[in-house]
Every structure is written in C-alpha cells, then in structure tokens.
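Before any comments, here is the structure.
The values are calculated or read from the model by the stated rules, or taken from the named source; none is laboratory data. Model, not experiment: these values are computed from the prediction. For neighbour counting, all protein chains shown are included, and Cβ atoms are generated from backbone atoms with ideal geometry for every residue, glycine included.
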Amino acid sequence: MAIDAVIIGAGAGGAAAAWRLCNHGLKVLILEAGPRFDPATDYPLTNTDWERTGFPIKPGSTGAVSYGDLGALDPADADLASWNAVSGRQVNSTKRPPSATGYAHVQGVGGSTLQYVGEAHRLNPAAFRLQSDHGAGADWPLSFADLEPHYRTIEAEIGVAGAPIAGARWSAQDHLQPAHPLSTSARVLRDAGTRMGMAWETNTRAALSEPKDNRPNCNYCGNCTRGCPLGDKGSADVTFIRKAEATGRLTIHTGAQVTRLIMGANGRVRAVSGVRDGAPFEQDTPILILAGGAVQTPRLLLANDMANGSGQVGRNFMETLAWTSAGLLPGLTNSHKGLPADAVSWTYNAQDAVPGVVGGCRFTASTQETGLLGPMAYASRILDGYGPAFKAQMRNVFGSAIAVAGTGETIPDERSFVALDPQRVDAAGVPFAQINSVLTDNSLALLRFMASQCRAILTEAGVTELAEENGVWDRFTSTHVFGTCRMGADAATSVVDPFGRSHDIDNLYIVDASTFPSSGGGEAPVSTIQALALRMADRLVA
C-alpha cells in the first residue's frame, strides 16, 4: 500500500494527526516503538492485588532516558522537602535526584494518555504572550483563537465532560458532556477554597459521563493512572486511533524503533530506517511527522543531526512544577471514591497572578490522583504502627484522607535541556536522551507559593495535622515536559513554524509538546497537543 504520510509515535499528537489525515483521505503509517495495550487484560483492577501494581510495564514501553544536571538542594529550602508520616523525609542528599519514575511516560499505542489522569484543558489565552507581556520565555507564534475550533473538535470526538465557568477559555458555543459529580473530598476542598477567595469549578475531564461510541460512562474507581479497563477515559487508543483505523487508511507497526532519518537529494527526508521486532527496516516518507514527545523527538533529531539550523533542538526544556499536601480529616468518608482531579481552581493561573513570580499555577482536588485509594497506601504512607491497635485505627480513618495539589509553570532556562548521553546507548546503538533540568529562583518561589496555598486550604478545610507532602524540589518527577523543539516565526530562534513544519526540512513536521514555546500556567497539555496536530493536518492537506 502506498503511504502518504509516516508518523513516528502513536501518543496524543500522533494519534490525533493520523485521525485527521485519514479523514482527509490520506493513507497513514504510524511507526510506534512500543507495544499495544489491551485494556481488558492489561489493567486488571478487579484483581485482589490491584493496589500493588501501577501502570503495567511491557517490553519496549519506556523510552531510553538518563539524567544529567538536575540541580543542587539548598538546605535553606528544606521546607519544600517530600515526606510522609510513615517513612519521614524521602530524599537525603545534596543533589536533586530523579524519582523512581523520573520522566513518567508510556511508549506504546496511545502513549502517555494511557496513564494520564484525563484532564482536558485549554490554555489560558494570555499564556500565548508570555514574552510580550512579562519579558520572560517566548511568545507563541499563534493565538488562542487559532486553536479554539480545534479544541472544540477534540472535545466532541473524545467526549469531554465538564461545566467550566464561561470566560476567556469557554463560551456558550462549547458543548460538553454533563459534569461529573464531585467526590466527597473535592466538595470539602471546593468549600474551603471558596471561603479563602478562590474560585473552584468542576474540572473538564476526558472521561465519559454518558456512553459514547460504544464506550461506557465512568464508574469512578479513581484508578485512571493505572489504566482504564472500561474505555471510558479518552486515551488516544480508544478514541483517535480507533476512529482512524475504522477508515481503513491507517496502518500501525508496533515495536518499530526509528533510528535514522535519511535525506534525499532534494533536501527532504526520503526515508526512515530502524529496527522492528529485532529486524532492520526502511520506509519511504513522502511526509514525516514526529510525535515522540519533548524527550524522544529531540533525541532522534540530535542523533541524526537534522532540523537544527537554529541550534535550538533540545534547548528550552520545561518540566512541570508540582506540589501535593495531604492529611486526615475527621468525619470525612469515602474519599477514596470518585474521579481524580474532579475539582479545579484557576484563580492563580494567569502569568502575573502570583506576586513576585512570572508564571501561573492551578490547584486541584487530588486525593485519588495521589493514590490514596486503598489500605496499603494508608499503611505505607500516612498511618504508622502494627497489630490490633493499628488495624482498629485503619478501620476508623480509612476514607478520610484528603489531598490538594498545585501544578505550575516553568520558565525556560539555559541550564535545562535534553542532550544525547555521552556514555549510554540503547540496544540499537542510539544514545539515551539525557534530561538536564534545574529549578530557577522563579520556579522555587512559585513552588513555595503552591505549597503554602495547599497547606492553607487543608487547614481551612479542618485538617489539623499533615500526613504527607510531595514536590519536585527534591525529586525530578514529571509527566508533562515541553519546549525542546520550539515553534516560532523566526528560523534563527525556533525549530518549527506556527504549523509545526521544520524550518530546515519542508516535509518534516512535529506534533507534540516539544513545540510549546511556554508551558502554560499548570494546564494539562494533551488537548493543546491534539489541537495543534489537527491544525497541522489541515494545513498540510490544504
């Protein structure tokens, strides 16, 4: 079969681009280095040992990543340390290490949407003008209005639910599924935050509140990050991939690691080659679309020394600032039930909303998201002891845990970048992607604000003693990373143009978060990645 376009990566951007191109009549091949996951068999949440397992790891389901400079830990910032009531402080070192998950991602059909919570956010329109308005980072070479129609398309196709407050992001023209009911802990946090002058609302979620496309509505098990066995969560495999395959114009090769981009005599990418299931392959590429994410996409370009006339490939890496505080609230019940991140506050989301800081943040109810869903989590993190007294205490307090989280913006810094590891290579001989990410004074100030606000919300809610806190000050851990192939109008300072097309190679496009000029004020990026992918596909066909 003749192929019109080749996409590397079947995550959020690759899946959305494939669907749009197939609907335009193009024949598309996705080359995915990872495997397929079967929701019915790979996410066994009905097993008695469900709490012992996280998202499943299959052969090839994680990319090759190492870590360089992650920054030093100043004892003066020890109030930002991660700790819990059972094991105490989590990190005791002078250097910031990666957490056990480090860069948390999934390599496979659906990518990290298989593991994501499912928040479906639109960027704050003001986030597109960070440099112009605040003299930091870079502006986007497009506006919110350019993405708004594509946001609507995505939300309709996936089945996003919510009741957002009308304003800069949302209008009466937006039609979402009915909002999910708030969990018991979310209602408490909403009420406490409201008393503090914060505006809270039901979060927009890529989880069905009504059946759609032979997918059921959510059952509120709270385990979105372990994989959704029912298919109600709008991960890319059960939405855009499924719909693209139904056209008959999409082919997916799993276990296919692309290692080389082969240039033709006309200055275009002629073909790609690599290894599929242990055997070498080569594939012609009339159009090549990279969708490997902000770590693996620059790795591939750097390993091939391509599309880097600006010298910006791998630069401008932005991790996500994150903080969570948790405690026990007497009288609260059933806090382990419900949809994760079901309530959100955008009060501090604007880039100038936090005094003395450039960059915004948002707050969410996070009891389920932080994993306080079963007795093992309580026993290993917030309740210490053993024997009959401990069992009685567990029976008394289970379901009363409550947690609130802050997610914040990172401003690009020259010390934060993705490079090729000078020492480690994978089985195919490609150097690992090495992440270097250092927290700036601005990041620390925003992180401290988020920690202070989380603690204050819990105090207002009635929590008298914290039981656990986790943040990125003492451990690099990030599911959302951005910026390593920045988009822009100027080829001297950016990697791709406003439609994701390489300034250097005219049949090479990128549709993942590596193109983001800024990270936004804590918004989950999946909807924006997919909106950019649809915009790219329409432009390519036009």
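Tabulated data for the structure shown
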{"item": "First in the range 321-346 and modelled with pLDDT of 95 or more, second anywhere and among the basic types (K, R) and surrounded by fewer than 21 Cβ atoms within 10 Å (Cβ to Cβ), Cβ under 6 Å, 6 or more apart", "result": "S325/R455"}
{"item": "Enumeration of residues in the range 21-38 that are within 24 Å of the chain's Cα centre (by Cα), surrounded by fewer than 24 Cβ atoms within 10 Å (Cβ to Cβ) and touching a residue at least 60 places away in the same chain (Cβ under 8 Å)", "result": "P35, R36, F37"}
{"item": "Scan of the range 101-139 for residues that are surrounded by fewer than 23 Cβ atoms within 10 Å (Cβ to Cβ) and among the aromatic types (F, W, Y), ordered by number", "result": "F128"}
{"item": "The range 504-520, subset part of a loop (DSSP other than H, G, I, E, B) and closer than 25 Å to A156 by Cβ, residue modelled with the lowest pLDDT", "result": "G520"}
{"item": "Residue in the range 376-395 that is modelled with pLDDT under 95, touching a Pro at 6+ places or on another chain (Cβ under 7 Å) and more than 30 Å from A350 (Cβ to Cβ) present", "result": "yes"}
{"item": "Unique match (being in contact with a Leu (Cβ under 8 Å, 6 or more places away or on another chain), in contact (Cβ under 8 Å) with a residue 40 or more places away in the chain, polar (S, T, N, Q) and closer than 19 Å to T184 by Cα) among S400, S443, S437", "result": "S400"}
{"item": "Elements of type strands (runs of 3 or more DSSP E) contained in the range 230-293, each with 1 or more residues being surrounded by 20 or more Cβ atoms within 10 Å (Cβ to Cβ) and in contact (Cβ under 8 Å) with a residue 12 or more places away in the chain", "result": "250-253, 256-263, 269-276, 288-290"}
{"item": "Tally, over the range 73-101, of residues that are small (G, A, S) and touching a strand residue (DSSP E or B) at 6+ places or on another chain (Cβ under 6 Å)", "result": "4"}
{"item": "Helices (runs of 4 or more DSSP H) contained in the range 129-217 and holding at least 3 residues under 22 Å from Q351 (Cα atoms) and modelled with pLDDT of 95 or more", "result": "130-134, 144-158"}
{"item": "Filtered residue count, the range 359-378, keeping only those that are touching a Gly at 6+ places or on another chain (Cβ under 8 Å) and over 21 Å from H180 (Cβ atoms)", "result": "4"}
{"item": "Unmet requirement for G197, which otherwise passes all of (1) surrounded by 15 or more Cβ atoms within 10 Å (Cβ to Cβ); (2) more than 29 Å from A33 (Cβ to Cβ)", "result": "(1)"}
{"item": "Any hit, the range 251-273, residues being modelled with pLDDT under 95 and of a type in the set (A, V, I, L, M)", "result": "yes"}
{"item": "Scope the range 472-488; condition among the small types (G, A, S) and either in a loop (DSSP other than H, G, I, E, B) or over 15 Å from the mean Cα position of the chain (by Cα) (or both); matching residues", "result": "G483, G488"}
{"item": "I505 surrounded by fewer than 24 Cβ atoms within 10 Å (Cβ to Cβ), touching a residue at least 24 places away in the same chain (Cβ under 8 Å) and among the β-branched types (V, I, T)", "result": "yes"}
{"item": "Any pair with Cβ under 9 angstrom, 6 or more apart, that starts in the range 3-19 at a residue that is closer than 14 Å to V541 by Cα and free of Cβ contacts under 8 Å to residues at least 24 places away in the same chain and ends at one that is among the hydroxyl-bearing types (S, T, Y) and buried (at least 24 other Cβ atoms within 10 Å of the Cβ)", "result": "none"}
